[in-house]
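Q: Can you keep this structure in mind? I'll have questions shortly.
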(Lines give C-alpha, C1' and ligand atoms only; values in the text may rest on other atoms or scores of the structure.)
Protein backbone atom coordinates (compact mmCIF):
# COMPACT_ATOMS: atom_id res chain seq x y z
CA UNK A 1 0.00 0.00 0.00
CA UNK A 2 0.99 3.62 -0.48
CA UNK A 3 2.03 5.43 2.66
CA UNK A 4 -1.00 7.73 2.42
CA UNK A 5 -3.54 4.92 2.16
CA UNK A 6 -6.42 5.25 4.60
CA UNK A 7 -7.43 1.97 6.18
CA UNK A 8 -11.09 1.31 6.96
CA UNK A 9 -11.41 0.45 10.67
CA UNK A 10 -15.19 0.15 10.96
CA UNK A 11 -18.49 1.06 9.35
CA UNK A 12 -22.23 1.07 9.94
CA UNK A 13 -25.36 2.14 8.09
CA UNK A 14 -29.12 2.57 8.15
CA UNK A 15 -31.22 2.64 4.99
CA UNK A 16 -34.73 2.06 3.74
CA UNK A 17 -33.91 -1.66 3.94
CA UNK A 18 -33.37 -1.60 7.71
CA UNK A 19 -31.43 -0.28 10.68
CA UNK A 20 -29.15 -3.24 11.47
CA UNK A 21 -26.16 -3.51 9.14
CA UNK A 22 -26.01 -7.32 8.99
CA UNK A 23 -29.76 -7.65 8.48
CA UNK A 24 -29.66 -5.10 5.67
CA UNK A 25 -26.84 -6.94 3.93
CA UNK A 26 -28.67 -10.26 4.05
CA UNK A 27 -31.87 -8.66 2.77
CA UNK A 28 -30.05 -6.95 -0.09
CA UNK A 29 -28.38 -10.23 -1.04
CA UNK A 30 -31.90 -11.66 -1.40
CA UNK A 31 -32.88 -8.76 -3.63
CA UNK A 32 -35.25 -7.20 -1.10
CA UNK A 33 -36.05 -3.57 -1.83
CA UNK A 34 -36.72 -0.97 0.85
CA UNK A 35 -38.92 1.16 -1.39
CA UNK A 36 -42.60 1.41 -0.52
CA UNK A 37 -45.56 3.81 -0.22
CA UNK A 38 -44.75 7.33 0.93
CA UNK A 39 -46.11 7.70 4.48
CA UNK A 40 -43.86 10.37 6.07
CA UNK A 41 -46.63 12.89 5.40
CA UNK A 42 -50.16 12.84 4.02
CA UNK A 43 -50.31 12.50 0.26
CA UNK A 44 -53.43 13.40 -1.72
CA UNK A 45 -54.26 12.63 -5.34
CA UNK A 46 -52.60 15.83 -6.52
CA UNK A 47 -49.23 15.20 -4.92
CA UNK A 48 -46.85 14.02 -7.66
CA UNK A 49 -44.80 11.52 -5.60
CA UNK A 50 -46.38 8.45 -3.98
CA UNK A 51 -43.39 6.23 -3.12
CA UNK A 52 -40.17 6.57 -1.14
CA UNK A 53 -37.45 4.67 0.67
CA UNK A 54 -38.14 5.29 4.35
CA UNK A 55 -35.86 4.18 7.18
CA UNK A 56 -37.77 2.00 9.68
CA UNK A 57 -37.98 3.05 13.30
CA UNK A 58 -35.42 1.57 15.69
CA UNK A 59 -35.32 1.10 19.44
CA UNK A 60 -33.10 3.81 20.98
CA UNK A 61 -33.18 2.22 24.45
CA UNK A 62 -29.71 0.58 24.19
CA UNK A 63 -28.16 3.97 23.44
CA UNK A 64 -28.27 6.41 26.40
CA UNK A 65 -27.17 9.31 24.19
CA UNK A 66 -30.41 8.85 22.22
CA UNK A 67 -32.70 8.95 25.24
CA UNK A 68 -35.78 11.21 25.02
CA UNK A 69 -34.13 13.63 27.44
CA UNK A 70 -30.91 13.82 25.43
CA UNK A 71 -32.71 14.24 22.10
CA UNK A 72 -35.58 16.46 23.28
CA UNK A 73 -34.26 19.51 21.44
CA UNK A 74 -32.77 17.65 18.47
CA UNK A 75 -35.94 16.79 16.65
CA UNK A 76 -34.66 16.39 13.11
CA UNK A 77 -34.02 12.70 12.38
CA UNK A 78 -30.61 13.51 10.91
CA UNK A 79 -29.19 13.79 14.43
CA UNK A 80 -30.32 10.52 15.99
CA UNK A 81 -29.40 8.51 12.91
CA UNK A 82 -26.02 10.18 12.48
CA UNK A 83 -25.13 9.54 16.11
CA UNK A 84 -26.38 5.95 15.89
CA UNK A 85 -24.24 4.94 12.89
CA UNK A 86 -21.13 6.73 14.19
CA UNK A 87 -21.44 5.09 17.60
CA UNK A 88 -21.86 1.62 16.12
CA UNK A 89 -19.07 2.12 13.56
CA UNK A 90 -16.68 3.07 16.36
CA UNK A 91 -17.78 0.05 18.40
CA UNK A 92 -17.10 -2.25 15.45
CA UNK A 93 -13.72 -0.65 14.80
CA UNK A 94 -12.43 -1.47 18.27
CA UNK A 95 -11.11 2.08 18.55
CA UNK A 96 -11.33 4.03 21.80
CA UNK A 97 -10.98 7.78 21.45
CA UNK A 98 -8.99 8.60 24.58
CA UNK A 99 -8.03 12.08 25.74
CA UNK A 100 -4.56 11.48 24.31
CA UNK A 101 -5.94 10.52 20.90
CA UNK A 102 -8.81 13.03 20.67
CA UNK A 103 -6.81 15.84 19.06
CA UNK A 104 -5.67 13.42 16.35
CA UNK A 105 -9.22 12.48 15.33
CA UNK A 106 -10.99 14.47 12.61
CA UNK A 107 -14.72 14.59 11.86
CA UNK A 108 -15.86 15.05 8.27
CA UNK A 109 -19.27 13.41 8.70
CA UNK A 110 -21.80 15.60 6.88
CA UNK A 111 -25.17 16.02 5.19
CA UNK A 112 -26.35 17.41 1.88
CA UNK A 113 -29.78 18.55 3.04
CA UNK A 114 -29.51 18.71 6.82
CA UNK A 115 -32.50 19.43 9.06
CA UNK A 116 -34.67 21.46 6.72
CA UNK A 117 -37.65 19.70 8.29
CA UNK A 118 -37.02 21.86 11.37
CA UNK A 119 -37.38 25.07 9.35
CA UNK A 120 -40.57 23.80 7.76
CA UNK A 121 -42.02 22.94 11.19
CA UNK A 122 -41.10 26.42 12.48
CA UNK A 123 -42.71 28.10 9.48
CA UNK A 124 -45.95 26.19 10.04
CA UNK A 125 -45.87 27.00 13.75
CA UNK A 126 -45.56 30.71 12.99
CA UNK A 127 -48.25 30.59 10.31
CA UNK A 128 -50.81 28.33 11.95
CA UNK A 129 -50.25 28.92 15.67
CA UNK A 130 -48.81 32.46 15.54
CA UNK A 131 -45.93 31.25 17.74
CA UNK A 132 -42.21 31.94 17.39
CA UNK A 133 -39.90 29.06 16.41
CA UNK A 134 -38.57 26.58 18.93
CA UNK A 135 -35.22 27.89 20.29
CA UNK A 136 -33.38 24.95 18.73
CA UNK A 137 -34.85 25.47 15.24
CA UNK A 138 -31.76 27.06 13.75
CA UNK A 139 -29.30 24.59 15.33
CA UNK A 140 -31.46 21.74 13.99
CA UNK A 141 -31.37 23.19 10.49
CA UNK A 142 -27.65 24.04 10.49
CA UNK A 143 -25.94 21.43 8.34
CA UNK A 144 -22.58 21.58 10.10
CA UNK A 145 -24.34 20.94 13.44
CA UNK A 146 -24.51 17.26 12.43
CA UNK A 147 -20.72 17.27 12.27
CA UNK A 148 -20.52 19.10 15.57
CA UNK A 149 -22.85 16.67 17.34
CA UNK A 150 -20.72 13.75 16.10
CA UNK A 151 -17.64 15.43 17.60
CA UNK A 152 -19.49 15.97 20.89
CA UNK A 153 -20.58 12.35 21.02
CA UNK A 154 -17.15 10.92 20.32
CA UNK A 155 -14.93 13.51 22.01
CA UNK A 156 -12.93 14.06 18.80
CA UNK A 157 -11.19 17.44 18.93
CA UNK A 158 -9.16 17.35 15.71
CA UNK A 159 -10.12 19.16 12.50
CA UNK A 160 -13.86 19.30 11.86
CA UNK A 161 -15.57 20.14 8.57
CA UNK A 162 -18.81 19.57 6.68
CA UNK A 163 -18.20 18.48 3.11
CA UNK A 164 -21.35 19.39 1.18
CA UNK A 165 -21.33 18.25 -2.43
CA UNK A 166 -24.98 17.35 -3.00
CA UNK A 167 -25.40 13.65 -3.79
CA UNK A 168 -21.63 13.10 -3.68
CA UNK A 169 -21.43 14.32 -0.06
CA UNK A 170 -20.74 10.91 1.47
CA UNK A 171 -17.89 10.17 -0.93
CA UNK A 172 -16.48 13.68 -0.48
CA UNK A 173 -16.56 13.18 3.29
CA UNK A 174 -14.47 10.02 2.92
CA UNK A 175 -12.03 11.84 0.65
CA UNK A 176 -11.76 14.78 3.06
CA UNK A 177 -10.96 12.40 5.89
CA UNK A 178 -8.32 10.68 3.78
CA UNK A 179 -6.77 14.02 2.86
CA UNK A 180 -6.46 15.02 6.51
CA UNK A 181 -4.86 11.68 7.31
CA UNK A 182 -2.48 11.99 4.34
CA UNK A 183 -1.48 15.47 5.50
CA UNK A 184 -0.23 13.99 8.77
CA UNK A 185 -2.49 16.24 10.85
CA UNK A 186 -4.62 13.35 12.16
CA UNK A 187 -4.44 9.60 12.63
CA UNK A 188 -8.18 8.90 12.42
CA UNK A 189 -11.16 10.42 10.60
CA UNK A 190 -14.86 9.86 11.28
CA UNK A 191 -16.49 10.06 7.87
CA UNK A 192 -19.90 9.54 6.30
CA UNK A 193 -23.19 11.30 5.76
CA UNK A 194 -26.85 11.42 6.76
CA UNK A 195 -29.93 12.69 4.92
CA UNK A 196 -33.64 12.54 5.72
CA UNK A 197 -35.03 14.66 2.92
CA UNK A 198 -38.53 13.18 2.71
CA UNK A 199 -40.08 16.56 3.48
CA UNK A 200 -43.04 17.85 1.46
CA UNK A 201 -41.47 20.79 -0.43
CA UNK A 202 -38.20 18.95 -1.06
CA UNK A 203 -39.95 15.88 -2.46
CA UNK A 204 -42.34 17.98 -4.55
CA UNK A 205 -39.43 20.11 -5.76
CA UNK A 206 -37.55 17.08 -7.05
CA UNK A 207 -40.73 16.05 -8.88
CA UNK A 208 -41.29 19.41 -10.55
CA UNK A 209 -37.73 19.45 -11.83
CA UNK A 210 -38.26 15.95 -13.29
CA UNK A 211 -35.67 14.39 -11.04
CA UNK A 212 -37.82 12.15 -8.84
CA UNK A 213 -40.03 9.30 -9.96
CA UNK A 214 -43.52 10.75 -10.07
CA UNK A 215 -46.93 9.13 -10.26
CA UNK A 216 -48.55 8.76 -13.69
CA UNK A 217 -51.90 7.32 -14.79
CA UNK A 218 -51.63 3.54 -14.90
CA UNK A 219 -48.94 3.35 -12.21
CA UNK A 220 -51.39 1.76 -9.80
CA UNK A 221 -50.39 -1.57 -11.34
CA UNK A 222 -46.72 -0.85 -10.66
CA UNK A 223 -45.33 -1.94 -7.30
CA UNK A 224 -43.12 0.63 -5.51
CA UNK A 225 -40.24 -1.86 -5.63
CA UNK A 226 -40.25 -1.70 -9.44
CA UNK A 227 -39.83 2.07 -9.68
CA UNK A 228 -36.06 2.45 -9.29
CA UNK A 229 -34.56 1.16 -12.55
CA UNK A 230 -30.89 2.14 -12.91
CA UNK A 231 -29.51 1.96 -16.46
CA UNK A 232 -32.81 0.44 -17.57
CA UNK A 233 -35.16 1.17 -20.43
CA UNK A 234 -38.16 3.07 -19.11
CA UNK A 235 -36.31 4.63 -16.17
CA UNK A 236 -38.18 7.70 -14.95
CA UNK A 237 -36.10 9.28 -12.22
CA UNK A 238 -34.80 8.47 -8.78
CA UNK A 239 -36.84 7.27 -5.81
CA UNK A 240 -36.11 9.66 -2.96
CA UNK A 241 -35.06 7.90 0.22
CA UNK A 242 -33.39 8.34 3.60
CA UNK A 243 -30.35 6.94 5.32
CA UNK A 244 -27.00 7.35 7.03
CA UNK A 245 -23.62 5.64 7.03
CA UNK A 246 -20.38 6.09 8.94
CA UNK A 247 -16.88 4.93 8.06
CA UNK A 248 -13.91 5.14 10.42
CA UNK A 249 -10.64 5.76 8.56
CA UNK A 250 -7.12 5.65 9.94
CA UNK A 251 -3.60 5.94 8.67
CA UNK A 252 -1.90 2.74 7.70
CA UNK A 253 0.71 3.32 10.41
CA UNK A 254 -1.85 3.91 13.15
CA UNK A 255 -3.96 0.92 12.15
CA UNK A 256 -0.93 -1.36 12.07
CA UNK A 257 0.42 -0.14 15.38
CA UNK A 258 -2.92 -0.76 17.09
CA UNK A 259 -3.88 -4.00 15.39
CA UNK A 260 -6.98 -2.46 13.79
CA UNK A 261 -8.54 -2.68 10.34
CA UNK A 262 -11.08 -4.52 8.21
CA UNK A 263 -8.65 -5.50 5.47
CA UNK A 264 -9.97 -2.75 3.17
CA UNK A 265 -8.23 0.52 2.34
CA UNK A 266 -9.03 3.60 0.30
CA UNK A 267 -6.42 3.17 -2.39
CA UNK A 268 -7.25 6.10 -4.66
CA UNK A 269 -9.70 8.92 -5.23
CA UNK A 270 -10.54 11.91 -7.38
CA UNK A 271 -12.92 14.85 -7.38
CA UNK A 272 -13.81 16.97 -10.42
CA UNK A 273 -16.20 19.80 -11.24
CA UNK A 274 -18.31 19.66 -14.40
CA UNK A 275 -18.53 23.45 -14.76
CA UNK A 276 -21.26 22.65 -17.25
CA UNK A 277 -24.86 22.49 -15.97
CA UNK A 278 -26.58 22.85 -12.61
CA UNK A 279 -27.99 19.30 -12.61
CA UNK A 280 -27.05 17.44 -15.80
CA UNK A 281 -23.69 15.62 -15.46
CA UNK A 282 -20.96 16.15 -18.05
CA UNK A 283 -19.31 13.07 -19.53
CA UNK A 284 -15.75 14.43 -20.01
CA UNK A 285 -15.34 15.46 -16.36
CA UNK A 286 -17.21 12.41 -15.05
CA UNK A 287 -14.89 10.21 -17.11
CA UNK A 288 -11.83 12.11 -15.90
CA UNK A 289 -12.90 11.66 -12.28
CA UNK A 290 -13.14 7.90 -12.74
CA UNK A 291 -9.82 7.69 -14.58
CA UNK A 292 -7.99 9.90 -12.07
CA UNK A 293 -9.16 7.80 -9.14
CA UNK A 294 -7.78 4.70 -10.84
CA UNK A 295 -4.54 6.51 -11.65
CA UNK A 296 -4.27 7.70 -8.03
CA UNK A 297 -4.55 4.10 -6.91
CA UNK A 298 -1.56 3.27 -9.11
CA UNK A 299 -3.44 0.64 -11.11
CA UNK A 300 -4.98 0.17 -14.55
CA UNK A 301 -8.67 0.10 -15.46
CA UNK A 302 -8.30 -3.62 -16.12
CA UNK A 303 -7.43 -4.08 -12.42
CA UNK A 304 -10.88 -2.92 -11.27
CA UNK A 305 -12.94 -5.99 -10.36
CA UNK A 306 -16.32 -4.28 -10.03
CA UNK A 307 -17.99 -0.89 -10.20
CA UNK A 308 -20.48 0.36 -7.64
CA UNK A 309 -22.29 2.89 -9.80
CA UNK A 310 -23.96 6.15 -8.88
CA UNK A 311 -26.85 5.14 -11.15
CA UNK A 312 -29.70 7.23 -9.75
CA UNK A 313 -32.15 5.96 -12.40
CA UNK A 314 -32.41 9.27 -14.28
CA UNK A 315 -32.42 9.29 -18.06
CA UNK A 316 -29.54 11.73 -18.49
CA UNK A 317 -27.43 10.78 -15.49
CA UNK A 318 -27.39 7.05 -16.16
CA UNK A 319 -26.61 7.63 -19.85
CA UNK A 320 -23.64 9.86 -18.99
CA UNK A 321 -22.28 7.35 -16.46
CA UNK A 322 -22.67 4.53 -18.99
CA UNK A 323 -20.77 6.52 -21.62
CA UNK A 324 -18.00 7.35 -19.14
CA UNK A 325 -17.68 3.69 -18.10
CA UNK A 326 -17.32 2.70 -21.74
CA UNK A 327 -14.72 5.41 -22.31
CA UNK A 328 -12.59 4.32 -19.33
CA UNK A 329 -13.00 0.53 -19.57
CA UNK A 330 -13.68 -0.08 -23.26
CA UNK A 331 -16.03 -2.76 -24.56
CA UNK A 332 -15.49 -5.17 -21.65
CA UNK A 333 -15.97 -3.29 -18.38
CA UNK A 334 -16.06 -5.10 -15.04
CA UNK A 335 -19.40 -6.08 -13.45
CA UNK A 336 -21.56 -3.09 -12.49
CA UNK A 337 -23.99 -3.00 -9.58
CA UNK A 338 -26.46 -0.21 -8.73
CA UNK A 339 -27.59 -0.27 -5.08
CA UNK A 340 -30.19 2.48 -5.53
CA UNK A 341 -32.41 -0.07 -7.25
CA UNK A 342 -33.09 -1.41 -3.74
CA UNK A 343 -32.25 1.45 -1.35
CA UNK A 344 -33.52 4.39 -3.39
CA UNK A 345 -31.57 7.64 -3.50
CA UNK A 346 -30.65 8.87 -0.01
CA UNK A 347 -29.20 12.12 -1.30
CA UNK A 348 -25.79 12.91 0.23
CA UNK A 349 -25.89 9.76 2.35
CA UNK A 350 -26.23 7.51 -0.69
CA UNK A 351 -22.53 7.34 -1.59
CA UNK A 352 -21.61 6.64 2.05
CA UNK A 353 -24.19 3.84 2.24
CA UNK A 354 -23.02 2.42 -1.08
CA UNK A 355 -19.38 2.61 0.02
CA UNK A 356 -20.26 0.49 3.05
CA UNK A 357 -22.04 -2.01 0.78
CA UNK A 358 -19.07 -2.10 -1.59
CA UNK A 359 -16.72 -2.77 1.34
CA UNK A 360 -18.90 -5.55 2.76
CA UNK A 361 -19.11 -7.05 -0.73
CA UNK A 362 -15.31 -7.14 -0.90
CA UNK A 363 -15.11 -8.83 2.48
CA UNK A 364 -17.89 -11.32 1.67
CA UNK A 365 -16.79 -11.90 -1.95
CA UNK A 366 -20.24 -10.97 -3.25
CA UNK A 367 -21.87 -8.54 -5.66
CA UNK A 368 -25.35 -7.27 -4.86
CA UNK A 369 -28.03 -7.39 -7.57
CA UNK A 370 -29.41 -4.50 -9.59
CA UNK A 371 -33.17 -4.87 -9.56
CA UNK A 372 -35.60 -4.07 -12.39
CA UNK A 373 -33.00 -4.03 -15.15
CA UNK A 374 -34.43 -4.04 -18.65
CA UNK A 375 -31.80 -3.46 -21.36
CA UNK A 376 -31.93 -0.05 -22.97
CA UNK A 377 -31.17 -0.37 -26.71
CA UNK A 378 -29.41 2.99 -26.56
CA UNK A 379 -26.97 1.81 -23.87
CA UNK A 380 -26.75 -1.98 -23.58
CA UNK A 381 -24.94 -3.11 -20.44
CA UNK A 382 -24.15 -6.80 -20.39
CA UNK A 383 -22.04 -6.12 -17.33
CA UNK A 384 -25.03 -5.30 -15.09
CA UNK A 385 -25.26 -7.70 -12.14
CA UNK A 386 -28.92 -8.74 -12.16
CA UNK A 387 -28.65 -11.39 -9.43
CA UNK A 388 -26.43 -11.74 -6.37
CA UNK A 389 -23.27 -13.57 -7.29
CA UNK A 390 -19.93 -14.49 -5.81
CA UNK A 391 -16.82 -12.62 -6.89
CA UNK A 392 -13.45 -12.04 -5.26
CA UNK A 393 -12.64 -8.34 -5.55
CA UNK A 394 -9.29 -6.73 -4.91
CA UNK A 395 -10.20 -3.33 -6.36
CA UNK A 396 -13.65 -1.70 -6.49
CA UNK A 397 -14.52 1.64 -8.08
CA UNK A 398 -17.27 3.67 -6.37
CA UNK A 399 -18.86 6.51 -8.37
CA UNK A 400 -20.80 9.46 -6.93
CA UNK A 401 -22.11 12.51 -8.78
CA UNK A 402 -24.12 15.46 -7.46
CA UNK A 403 -26.00 18.60 -8.41
CA UNK A 404 -23.75 21.52 -9.24
CA UNK A 405 -21.40 19.24 -11.16
CA UNK A 406 -19.79 17.65 -8.08
CA UNK A 407 -18.05 14.38 -8.96
CA UNK A 408 -16.26 12.06 -6.53
CA UNK A 409 -14.83 8.61 -7.24
CA UNK A 410 -13.21 6.18 -4.82
CA UNK A 411 -11.08 3.08 -5.34
CA UNK A 412 -11.17 0.60 -2.48
CA UNK A 413 -8.58 -2.19 -2.16
CA UNK A 414 -8.68 -5.46 -0.29
CA UNK A 415 -5.28 -6.14 1.20
CA UNK A 416 -3.52 -8.56 3.52
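The values are calculated or read from the model by the stated rules, or taken from the named source; none is laboratory data. Since we're looking at a predicted model, the values are computed, not measured. Neighbour counts run over all protein chains shown; Cβ positions are idealised from the backbone, glycine included.
Q: Condition first: outside any loop (DSSP other than H, G, I, E, B) and surrounded by 21 or more Cβ atoms within 10 Å (Cβ to Cβ). Now tell me which residues in the range 26-58 satisfy that.
A: 28, 35, 51, 52, 53
Q: Something else about it: Would you check which residues across the range 42-58 are touching a strand residue (DSSP E or B) at 6+ places or on another chain (Cβ under 8 Å) and without any contact (Cβ under 8 Å) to a residue 60 or more places away in the chain and list them?
A: 56, 58, listed by residue number.
Q: In the list 404, 416, which residue meets the criterion of being on the phi > 0 side of the Ramachandran plot, within 20 Å of the chain's Cα centre (by Cα) and either in a strand (DSSP E or B) or surrounded by fewer than 19 Cβ atoms within 10 Å (Cβ to Cβ) (or both)?
A: After applying the criteria, what remains is 404.
Q: Something else: Scan the range 260-284 residue by residue and report those that are surrounded by fewer than 18 Cβ atoms within 10 Å (Cβ to Cβ) and within 20 Å of residue 296 (Cα to Cα).
A: Answer for the range 260-284, where residues must be surrounded by fewer than 18 Cβ atoms within 10 Å (Cβ to Cβ) and within 20 Å of residue 296 (Cα to Cα): 263, 273, 283, 284.
Q: Exactly one of these conditions fails for residue 262: (1) within 26 Å of residue 189 (Cα to Cα); (2) more than 21 Å from the chain's Cα centre (by Cα); (3) assigned to a loop (DSSP other than H, G, I, E, B). Give me its number.
A: All conditions are met except number (2).
Q: Okay, next question. Return yes when residue 90 is farther than 27 Å from residue 203 by Cβ, crowded, with 18+ Cβ neighbours inside 10 Å and out of contact with any helix residue (DSSP H, G or I) (no Cβ under 8 Å at 6 or more places or on another chain) and no when it is not.
A: no
Q: Would you mention how many residues in the range 326-373 are within 20 Å of the chain's Cα centre (by Cα) and either in the same structural domain as residue 78 (by TED's automatic domain parsing) or closer than 17 Å to residue 291 by Cβ (or both)?
A: Residues in the range 326-373 being within 20 Å of the chain's Cα centre (by Cα) and either in the same structural domain as residue 78 (by TED's automatic domain parsing) or closer than 17 Å to residue 291 by Cβ (or both): 1 in total.
Q: Turning to a different aspect of this structure: Test residue 393 against the stated conditions and say whether it is in contact with a helix residue (DSSP H, G or I) (Cβ under 9 Å, 6 or more places away or on another chain) and assigned to a strand (DSSP E or B).
A: Against the criterion (in contact with a helix residue (DSSP H, G or I) (Cβ under 9 Å, 6 or more places away or on another chain) and assigned to a strand (DSSP E or B)), residue 393 does not qualify.
Q: Now a separate question. Over 26 Å from residue 27 (Cβ atoms) and without any contact (Cβ under 8 Å) to a residue 40 or more places away in the chain - does that describe any residue in the range 184-195?
A: Checking the range 184-195: at least one residue is over 26 Å from residue 27 (Cβ atoms) and without any contact (Cβ under 8 Å) to a residue 40 or more places away in the chain.
Q: I would also like to ask the following. How many residues does the range 321-343 contain that are out of contact with any strand residue (DSSP E or B) (no Cβ under 8 Å at 6 or more places or on another chain), closer than 16 Å to residue 287 by Cα and in contact (Cβ under 8 Å) with a residue 60 or more places away in the chain?
A: 1
Q: Which ranges mark the helices (runs of 4 or more DSSP H) fully within the range 69-179 that have 2 or more residues being over 21 Å from the mean Cα position of the chain (by Cα)?
A: Of the helices (runs of 4 or more DSSP H) lying wholly inside the range 69-179, those with at least 2 residues that are over 21 Å from the mean Cα position of the chain (by Cα) span 116-124, 137-141, 143-154.
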